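Heads up: the structure comes next, in structure tokens.
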Ligand code: NAD
């Protein structure tokens, strides 16, 4: 019987919800391109309910305990005395969400001799030392596509919010003001601007598709070029590097995985190559960006705005400079954990566990590392030379 340690974000200080704003979420069965949504044998949760906090338990307890396994759920993940470190020593599986990442470092892997599977309930497994996992023969899997559209929607919302300067205008309305001159002093239309995405994978392509009706110029860079028909359908301009794209764009949206090749690639030199007054949206990973260089670029006006959903470390400390830097539209890593997304990634987590514990192969598209190296989606999206 297996021991599964599941690290989830804490319950709200207001308590786990007992009522919800809506009665249901749409039942999405397949994704663009044809990949089918998670298909576990059963689920023991109500889609649309909060599943990603400690009390939500990703809806896993009945299934796992019913089959004789042990499930430990905790949010305590920092430091050598954390519940995660204590429970890891005899764990077979660790589940974690990127929103509240359990950093599975080489040191932690060495302390976990039985560990066979690290499972990301969501997308993005950079919180796991992938090299160390591969060397130990540990499988790394994630619920590919489960929240890609959720994140794409959030990215589009952030682009519009930045360019139109929505957040300060809302603050004026909420605070009883009517200073229209001040409210519009940084407000522009997005129509006619040049919008680029760095990485046109599942999220980046969905962002491009969603931006098409805004009558903007669309650009992308990815080391995998999209099919010609897609480029033509969306009127895309391909660039050979992120820098080349940034030089002609007014807005860029970042969608690369975090790897040794992409860490801190957005630094002072990169920002200097952009047009003055550009905007950046980043729902990918905080560590892609040089923290202080970003603050400086916003202060100097080189960047007109930055909206990000991702930080390093997570949770970000209360005094993290991105909380208070000028013209920011930060969110606390929520884009991929809408209630709609949770239903899919909880179902996908269950599907992966059913297969793993039942000795069956995990879907190829869910694999990042397997058999000692990159596999499945990992081989496509992470194996950066
Ligand atoms: P995906 O695997 O479909 O696409 C990733 C794309 O990045 C691929 O097309 C790949 O070719 C490209 N790529 C990788 N490295 C590159 C590089 N150095 N330069 C150019 N292109 C590169 O993944 P996805 O579903 O689109 O997700 C992308 C990333 O978004 C994830 O890795 C994760 O970090 C992040 N994400 C964030 C949230 C959130 O809640 N904020 C949720 C899901 C995913």
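The values are calculated or read from the model by the stated rules, or taken from the named source; none is laboratory data. Quantities reported herein were computed from a predicted structural model and do not represent experimental measurements. So basically every Cβ, Gly included, is an ideal-geometry build from the backbone, and we count neighbours across all protein chains shown.
Taken over segment 113-131, the criterion of being over 18 Å from residue 381 (Cα atoms) and surrounded by fewer than 22 Cβ atoms within 10 Å (Cβ to Cβ) is satisfied by 113, 114, 116.
Tell me, please, whether a residue that is within 19 Å of residue 339 (Cα to Cα) and under 21 Å from the mean Cα position of the chain (by Cα) can be found in segment 103-114. No, segment 103-114 contains no residue that is within 19 Å of residue 339 (Cα to Cα) and under 21 Å from the mean Cα position of the chain (by Cα). When segment 206-236 is filtered for residues that are in contact (Cβ under 8 Å) with a residue 60 or more places away in the chain and buried (at least 21 other Cβ atoms within 10 Å of the Cβ), only 206 remains. Among the residues making up segment 154-204, those that are within 16 Å of the ligand (Cβ to nearest atom), touching a residue at least 60 places away in the same chain (Cβ under 8 Å) and touching a helix residue (DSSP H, G or I) at 6+ places or on another chain (Cβ under 9 Å) are 155, 159, 161, 199, 201, 202, 203.
Among residues of segment 319-344 that are more than 30 Å from residue 59 (Cβ to Cβ), those with a Cβ under 8 angstrom from a residue that is in a loop (DSSP other than H, G, I, E, B) and within 14 Å of the ligand (Cβ to nearest atom), sequence gap 6+ or separate chain, pair up as 320/311; 322/311; 322/316; 322/330; 323/316; 323/330. Those helices (runs of 4 or more DSSP H) of segment 220-288 in which 1 or more residues are near the ligand (Cβ under 9 Å from one of its atoms) and at pLDDT 95 or above occupy 242-248. In this entry, residue 307 passes the filter for residues that are outside any loop (DSSP other than H, G, I, E, B) and within 12 Å of the ligand (Cβ to nearest atom). Sub-6 Å Cβ pairs linking a first residue in segment 356-385 that is in a loop (DSSP other than H, G, I, E, B) to a second residue that is away from the ligand (no atom under 14 Å from the Cβ), at least 6 apart or interchain, are 362/352; 362/355; 372/134; 372/137, ordered by first then second residue.
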